[in-house]
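Read the structure below first, then the notes.
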Amino acid sequence: MDYDSIIEMPVIGQTINSAIKGGNEWGKTFLNDSRWFGDRDRMTDHAIYESTLWSVGNGIGNGLIGLAGIPSDVAITLYSQVKLASTLLTIYGIDVTNNYAKPLVLAAAAGVTISEFANKLGTQAAQKAIQRALMAIPGKTFAEINKVLGIKLISKAGERTLLNVATVVPVIGSGVSGTINGVMMNACGHSVKAFIKAYQNS
């Protein structure tokens, strides 16, 4: 799979932007719900739980049609993991609607650590330093960082698809597909949560 050419597809940019927007909106519903008593950890754990359940069902019911030549599993995984990362970042008070925050969302969803992210930006692994670096990056470099992170995220989704035995044995594999989706989504959520904690405590 040529991840470099996939990330260049307009539909991928639209999918990522839509996922970030959807995650921001979902995160705000948690923040505006008084039942959580402002407990952000409980909110994020529940968002991860809901996303995991959705992924299990989606993996079982997923069709065989791809999105613009991209395997449907890859497209759906890309969207759902970016949306979850955007949701969790929003819950923890990070404004994902700012253009400079897009690499943060992609890095968190792709499983990049704060140290790796800061190293990519050529700055210290500190929240204010990272924010300053993101806001100061020239447009061309900024686009390149987004592209690198996007490729990492898509390749991660592609690796999950390769593990999905449903593509080999569709009748037996549908349940396994759901299980793999759920495990990957749960792992993504907890990885994003750790990323946010490290970012905020840096």
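The values are calculated or read from the model by the stated rules, or taken from the named source; none is laboratory data. Keep in mind that what you see is a predicted model, and the values were worked out from it rather than measured. So basically every Cβ, Gly included, is an ideal-geometry build from the backbone, and we count neighbours across all protein chains shown. Just so you know, the surface numbers come from the protein's heavy atoms only, side chains and all, with ligands and any DNA or RNA stripped out. Shrake-Rupley method; radii C 1.70, N 1.55, O 1.52, S 1.80 Å.
Using a simple spin-label model with pseudo-atoms 7 Å out from Cα toward Cβ, R132 and K21 lie 3.4 nm apart.
A 1.4 Å probe over all protein chains sorts Y199, Y79, Y49, Y100 by accessible area into Y49, Y79, Y100, Y199, starting with the largest.
If R₀ is 30 angstrom, what is the calculated FRET efficiency for the pair S202 and L53, using the beta carbon separation as r and rounding to 0.05? Don't skip to the end; give the middle numbers.
Working: r = 32 Å, r/R0 = 1.06.
After rounding, the FRET efficiency stands at 0.40.
Heavy-atom accessible surface of S202, to the nearest 10 Å², is about 60 Å², with a 1.4 Å probe and all protein chains retained. Which lysines have a Cα lying under 21 Å from the Cα of K128, excluding residues fewer than 8 positions away in the same chain? Hits, sequence-local ones excluded: K102, K120, K193, K197. Looking at region 107-155, the accessible area is 50 square angstrom per residue; that uses a 1.4 Å probe and ignores ligands, DNA and RNA. The figure for T141 is an accessible area of roughly 70 square angstrom, using a 1.4 Å probe on the protein chains alone.
Please give me the summed charge of the neighbours of Y92: other residues whose Cβ is under 14 Å from its Cβ, Lys and Arg +1, Asp and Glu -1.
On the way: positive: K28, R40, R42, K193, K197; negative: D39, D41, D45, D95.
Neighbourhood net charge equals +1.
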